[in-house]
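Notes to accompany the following structure.
Any read-out appearing in this document is the output of simple, stated calculations on the displayed coordinates, not a laboratory observation. Just so it is clear, the model here is predicted, and its values are computed rather than measured. Here the Cβ is made from the backbone with ideal geometry for all residues, glycine too, and neighbour counts use every protein chain on show.
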Amino acid sequence: MDEFDKIVEKDDKNDPLAKMRAKKAEREHDDRFATFKKPSILPQLETESWANYAGEFQLKGSNYFRSMRYAKDIDKGLQVLEDVPKGVSVFGSRFPEEKSVEYEQARDLAKKLAQTKHVVITGGGPGIMEAANRGAFEVGGQSIGLKISLPGFDEPANPYVTKEATFQYFFARKVMLVKASNAYVFFPGGYGTLDEFTEVLVLLQERKMPPAPIFLFGSSYWQGLDKFIREQINTRGYLNEGDMELYTITDSVDEIVAAINQRQLEQ
């Protein structure tokens, strides 16, 4: 009898939804109720403890399962990053190919960051993410990949990561990409990159995280968004004083590396 069966047997008399939860678990054929092979950072995520915790909030049915999946995703990231020093998160499109200008720029940036002892963290995929992981990997640096599991894109992490995790939920992955770093570099990208950029902006704006530099690499790409923010959002009074100073647009890899190194010396 596994851990989940014990919980069902224990709760069956008092919880009419217990058997439904058991059938759902069996139908989905996943390991969400298994005891972690590695000790959990969050003790309450152990299966029986989590059932008791969820019970306190009267979580039943699908909400019970959902709460455990969310928590396990967060716990997974915390375990992977537990012994990793704060680094630099690099974001950007998955589409640029090797030898493209953007790929080589991201690779060069990460190489120089790793040479000055910065951990490089990416989303673990291809394109800009691969380029950054590759640059760090090639000079012996720590190269972290935090992947997302997507329907139809069940691909492994790029081959240049030294440590990795795969997340089911975007929000959990974003939490870890932000938590893992004290500087953020955004190369050109699509909706995902814009989502990650605005996420960090809001956290800094609302002081939900310590001050940290944001660099937007590639002025020809970012100047349109910058103009919209300045001429529409800012002029309408939707930003606070100083919010326009939260990010820097640049075309220089060396400028980014120098600024991050200087900030590290000042801390």
Between Ser149 and Asn261, what is the spin-label point distance in nm, taking each point 7 Å from the Cα along the Cα→C-beta axis? 4.1 nm
With a point put 7 Å past each Cα toward its Cβ, work out how far Glu241 is from Lys117 in nm, to one decimal. 3.9 nm
Amide H contacts under 5 Å for Leu216, placed H, 5+ residues apart: Phe186, Thr248, Ile249, Thr250
Expected vector for the range 103-114, Karplus 3J(HN,Hα) from phi with 6.51, -1.76, 1.60 and θ = phi - 60°, integer Hz, x for Gly and Pro, equals 4, 5, 5, 5, 5, 5, 4, 5, 4, 6, 5, 5
For peptides 208-218, 177-187, sequence by mean Cβ density within 10 Å, most packed first: 177-187, 208-218
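Kindly provide the chymotrypsin sites (Phe, Trp or Tyr not before Pro) of the range 134-176 that DSSP labels as loop, not H, G, I, E or B, and whose Cβ sees at most 12 other Cβ atoms within 10 Å. Don't skip to the answer; put the middle values down first.
Details: sites: Phe137, Phe153, Tyr160, Phe167, Tyr169, Phe170, Phe171; in loops: Phe153, Tyr160, Tyr169.
Sparse-neighbourhood loop chymotrypsin sites (Phe, Trp or Tyr not before Pro): Phe153.
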Listed residue pairs exceeding 26 Å between alpha carbons, taken from Lys86/Lys111; Lys117/Lys174; Lys111/Lys147; Lys76/Lys112; Lys72/Lys147; Lys72/Lys112: Lys76/Lys112; Lys72/Lys112
Any idea what Rg and Dmax come out to for the range 110-267 if you just take the C-alpha atoms, in Å? 15.9, 48
What are the residues whose amide H is under 5 Å from the amide H of Ser93, where those residues sit 5 or more places off or on another chain and H is modelled from the backbone? Ile128, Gly189, Gly190
